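**Student:** Structure in structure tokens, see below.
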Amino acid sequence: MSGGDGGHEAEILVVRRAADAPAAPLTVIRLLALLPPDWPCATRVSADRITLWVGAGPDAARAAVAGALRDRALRGWSLPDQHA
């Protein structure tokens, strides 16, 4: 994977915190749409967790995902160390 921040790959975990949160397959689509379009991404999705591999540095990737998770459509999902 290359692109973003010099081709560094970051692994970001997103977890479901609320039973009424949107389904993971829909959430991952919305989440990817909110990330920079030039960042290559790969995903693994299960019912309560999404793993993203993002073609960006870890700090930039984590900040972008945290920002995207503030979108109301992603309510109930968060980074493991954040509250829903």
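**Student:** Counting only heavy atoms of the protein chains, get the accessible area per residue of the chain (1.4 Å probe) and round it to a whole Å² value.
**Tutor:** Per residue, the chain has 57 Å² of solvent-accessible surface.
**Student:** Along the charge dipole of the chain, which of Pro80, Pro40, Ala61 sits closest to the positive end, that is, farthest toward it, with unit charges on the beta carbon of Lys, Arg, Asp and Glu (+1, +1, -1, -1)?
**Tutor:** Looking along the dipole axis, the top candidate is Pro80.
**Student:** Further question on the same structure: Using the Cα centre of the stretch 34-84 as the reference point, and only Cβ charges (+1 on K/R, -1 on D/E), how large is the resulting charge dipole? Debye, rounded to the nearest 20.
**Tutor:** The calculation lands at about 160 debye.
**Student:** Relative to 2.2 N^0.38 Å, what does the C-alpha radius of gyration of the chain come to as a ratio? Two decimals please.
**Tutor:** Computed over Cα atoms of the chain, the ratio equals 1.00.
**Student:** Return a whole-number percent for the relative contact order of the chain, with Cα pairs under 8 Å and 6 or more residues apart as the contact set.
**Tutor:** Dividing the mean separation by the residue count of the chain yields 45 percent.
**Student:** Okay, next question. Add +1 for every Lys or Arg and -1 for every Asp or Glu among the other residues with Cβ under 11 Å from the Cβ of Thr51, and state the total.
**Tutor:** +1
**Student:** Expressed as an acute angle from 0 to 90° and rounded to the nearest 10, what is the orientation of the C-alpha long axis of helix 58-68 relative to the principal long axis of the chain?
**Tutor:** 40 degrees
**Student:** Subtract the Cα-Cα distance of Ala63 and Thr51 from 0.36 nm times their separation in residues, and report this length gain in nm to one decimal.
**Tutor:** Fully extending the segment from Ala63 to Thr51 adds 2.8 nm.
The values are calculated or read from the model by the stated rules, or taken from the named source; none is laboratory data. Not measured: the values here are computed from a predicted model. Cβ sites come from the backbone with ideal geometry, for glycine too, and all protein chains shown count toward neighbours. Heavy atoms of the whole protein, side chains included, go into the accessibility calculation; ligands, DNA and RNA do not. Shrake-Rupley method; radii C 1.70, N 1.55, O 1.52, S 1.80 Å.
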